[in-house]
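The values are calculated or read from the model by the stated rules, or taken from the named source; none is laboratory data. Just so it is clear, the structure is predicted and the values come from calculations on it, not from any experiment. Because the Cβ atoms are built from the backbone with ideal geometry, glycine has one as well, and the counts that use them run over all protein chains shown.
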Amino acid sequence: MTAVSAPQAMPLQAERSDAQSDAASLPATVVRSYWQSVGYRLRHDPATLVFAAIVLAIVLAAIFAPLIAPYDPLKESIIGRLKPFGWRGHLLGTDDLGRDMLSRLLYGGRVALLMGVVPVLIASAVGGTLGVFGGFVGGWVNTATMRTMDVFYAFPSVLLAVAIAGAMGGGIANGMIALTLVFIPPICRVAETATTQVRSLDFIEAARASGARPLTIIRHHVLGNVLGPVFIYASSLVSVSMLLASGLSFLGLGVRPPTPDWGLMLSTLRQSIWVVPWVCALPGLAIFITSVCFNLVSDGLRAAMDVRM
Amino acid sequence: MSPAIAAAAPSAAPNGSPTGNPTGSPSGDPRDRGGPRQPLLIATDLHKHFAVKGGRGKVVRAVDGVSFTVRKGETLGVVGESGCGKSTLARLLLHLIAPDTGELVFDGDTVGAPRGIAVSQLRRQVQMVFQDSYSSLNPRMPVRDSVAFGPFVQGARKPEARDIARRMLGQVGLDADLFGPRYPHELSGGQKQRVNIARALATGPRMVVLDEPVSALDKSVEAQVLNLLLDLKHRFGLTYLFISHDLSVVRYIADRVLVMYLGRVVELGPSESLFRRPLHPYTQALLASRPSMDPARRIEEPPISGDPPNPIDPPSGCRFHTRCPFAEAVCAARDPLLPAAVGADAHAADAHAAACHIQDPASGHSLAAHPQAPEAPPLAAAGTLGHA
């Protein structure tokens with residue numbers, strides 16, 4: 001059950017080709033398949049397209065950082081410390097150890113995106129599965145699952161992430177595990193709510209009346225209605241995850257120096273804010289732009305994927 | 001829309017059975033085991049109580065000892081106020097909710113018994129159409145996939161299921177190319193209910209439980225869908241259990257009618273006889289509460305007032321005695337029984353009986369001495385005494 005990657009795993013839609021040939025015999029009516037109509041709505045939403053392009057650019061820049069970066073992000077320079085934009089070919093200046101800011105930002109994006117996406121993906125799979133099964137089975141199974149999740153709600157998410165990462169020791173892997181654990185309860189709750197709503201509708205009862213087993217009903221009738229809300233919620237968590245990861249790095253619980261990471265860079269450069277203010281603001285700006293664009297793209301996708309619009 | 005389906009208003013239709021041949025079973029169905037005289041469905045003493053949340057062991061007696069038979073090829077109407085257990089009864093018949101106690105016999109086979117048929121087998125032969133045409137279709141699925149789902153689940157390959165869905169959409173008067181790829185929100189209420197009917201028929205059931213299938217539709221569409229149902233019944237040799245609170249609709253479509261009150265059957269009889277001469281005071285009040293088309297016969301007072309008593313704690317004795325204009329001491333003391341012969345004996349085609357002490361000369365009710373029930377209840381008395 002991969003929750004986020006396949007937001008609209010609808011059954012019986014594999015035979016799109018014959019459906020289209022049926023539709024072709026009726027020239028008077030425009031019949032689009034589901035994904036065709038999603039694409040159509042996306043093409044007519046320029047704002048989402050622009051933000052998606054920015055997200056894509058950030059992702060590509062992170063992936064191809066070794067090819068794009070003008071300098072080695074770890075190469076220090078005693079004389080070239082805290083220089084402003086454009087100093088001797090350093091387009092975005094240098095940091096407190098004289099390392100090239102542009103290169104470090106590009107490499108830092110890799111960590112930021114990894115910390116943003118991976119915990120959310122894992123938490124969606126785990127939390128989504130728990131929520132869907134709990135919501136569909138109902139009864140004491142659901143109560144036990146959701147009350148367990150409620151225990152996590154007793155702590156603010158930042159505190160919880162810091163506590164778990166602190167207890168396990170720092171590092172990227174432990175930071176990811178901490179963030180995953182933080183995100184499982186809210187995703188589980190969204191999936192459970194959506195499933196409970198769907199479960200009480202007559203079409204689930206009709207599916208049972210036609211002899212379908214619970215797993216078949218979940219696959220064909222529940223997931224299509226639950227993955228949408230879960231996907232939208234999860235995509236909004238990507239930016240939260242990036243921010244929390246930056247916070248962990250800032251506190252020294254995430255990425256360790258000298259690995260470039262936006263949160264860590266923000267943390268170390270804040271002492272130099274009076275020397276080169278704009279250079280020091282860059283990592284924060286990168287976090288801000290990436291998280292805002294992720295949010296806006298997920299919003300646009302939600303609108304495009306809603307069949308009722 | 002099929003032009004062959006006339007849009008006749010239900011009230012304009014002739015009384016009684018418009019389907020004819022109520023006992024004739026569809027010939028040639030290989031699944032027919034008992035022959036035409038074997039009732040398709042026998043329900044015996046069905047009980048379903050729901051626990052009340054935080055009610056310390058209190059239960060809602062939604063269905064409380066219901067017995068009846070459905071004959072092959074007939075339409076059995078079920079009427080009653082909201083909350084009387086009609087929908088619970090429908091769900092019990094498909095084992096969507098398991099009954100607490102009671103027995104279901106489908107074409108001679110006991111459902112769920114070791115030698116009978118399994119629930120999964122029952123669901124291959126009985127299907128259901130729900131009242132809410134929108135929520136009974138998956139909003140994220142094109143309607144042809146909703147129709148194809150049943151055959152697919154029951155073992156058809158996807159292309160076959162698709163074919164069946166196309167055919168069934170055609171059978172209910174919808175162009176499969178035009179409407180099949182659409183989503184439920186893109187269809188009107190009548191079209192959605194047609195899709196629901198196609199979905200129910202796609203698995204080839206012998207009996208269809210229709211739970212208020214036309215209540216949410218406006219009058220002209222209602223008539224079209226009713227005629228479609230009658231048409232399909234003939235075409236596929238179906239048996240219907242038709243639940244409704246609309247007496248005109250039931251009179252139009254049903255061969256026999258079962259009246260429910262607070263989880264019990266209070267009256268059961270052939271449609272024509274029941275509407276002409278209702279035996280139970282509750283049925284009489286229901287019939288009198290229909291708005292009259294004749295201005296001279298309009299009534300000021302409702303013949304029955306107040307809500308039904310709480311099914312958590314139903315009245316003692318006859319459950320209707322709190323609202324009944326003829327209630328006497330015996331009604332609060334003893335529970336009147338529906339004469340068992342009507343429920344069990346499928347051969348008594350025109351048996352008509354009510355669970356009322358007035359119908360039982362041995363009950364001690366002052367009106368029971370008269371062999372005939374009062375033709376119509378004194379309405380003013382019903383209006384003043386009817387408070388629960």
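Can you name the residue in the range B:221-279 that is acidic (Asp, Glu) and surrounded by fewer than 20 Cβ atoms within 10 Å (Cβ to Cβ) and, of all such residues, is farthest from residue B:62 (Cα to Cα)?
B:231
Is there a residue being among the acidic types (Asp, Glu) and within 9 Å of chain A (Cβ to nearest Cβ) anywhere in the range B:157-173?
no
Would you list the helices (runs of 4 or more DSSP H) that sit entirely within the range A:165-280 and hold 1 or more residues that are away from every other protein chain (no Cβ under 12 Å), touching a residue at least 60 places away in the same chain (Cβ under 8 Å) and more than 30 Å from residue B:148 (Cβ to Cβ)?
Those helices (runs of 4 or more DSSP H) span A:172-199, A:223-250, A:262-269.
Among the residues of the range B:80-107, how many are touching a strand residue (DSSP E or B) at 6+ places or on another chain (Cβ under 9 Å), more than 14 Å from every other protein chain (Cβ to nearest Cβ) and surrounded by fewer than 20 Cβ atoms within 10 Å (Cβ to Cβ)?
6
Just to check your reading of the model, which residue among B:259, B:225 is modelled with pLDDT of 90 or more and either under 24 Å from residue B:335 (Cα atoms) or assigned by TED's automatic domain parsing to the domain that holds residue B:356 (or both)?
Going through B:259, B:225 in turn, just one is modelled with pLDDT of 90 or more and either under 24 Å from residue B:335 (Cα atoms) or assigned by TED's automatic domain parsing to the domain that holds residue B:356 (or both): B:259.
Taking residue B:178 and the conditions (1) among the aliphatic types (A, V, I, L, M); (2) crowded, with 24+ Cβ neighbours inside 10 Å; (3) in a helix (DSSP H, G or I); (4) within 11 Å of chain A (Cβ to nearest Cβ), which numbered condition does it fall short on, given that it satisfies the others?
Going through (1) among the aliphatic types (A, V, I, L, M); (2) crowded, with 24+ Cβ neighbours inside 10 Å; (3) in a helix (DSSP H, G or I); (4) within 11 Å of chain A (Cβ to nearest Cβ) one by one, residue B:178 breaks only (2).
Say whether the condition of being under 30 Å from residue B:123 (Cβ atoms) and acidic (Asp, Glu) is met by at least one residue in the range A:197-205.
yes
Filter the range B:119-151 for residues that are of a type in the set (S, T, N, Q), more than 8 Å from chain A (Cβ to nearest Cβ) and part of a helix (DSSP H, G or I) and give the result.
B:121, B:125
Quick one: which residue in B:194, B:199, B:206 is crowded, with 23+ Cβ neighbours inside 10 Å, within 12 Å of chain A (Cβ to nearest Cβ) and in contact with a Gly (Cβ under 9 Å, 6 or more places away or on another chain)?
One residue alone meets the criteria, B:199.
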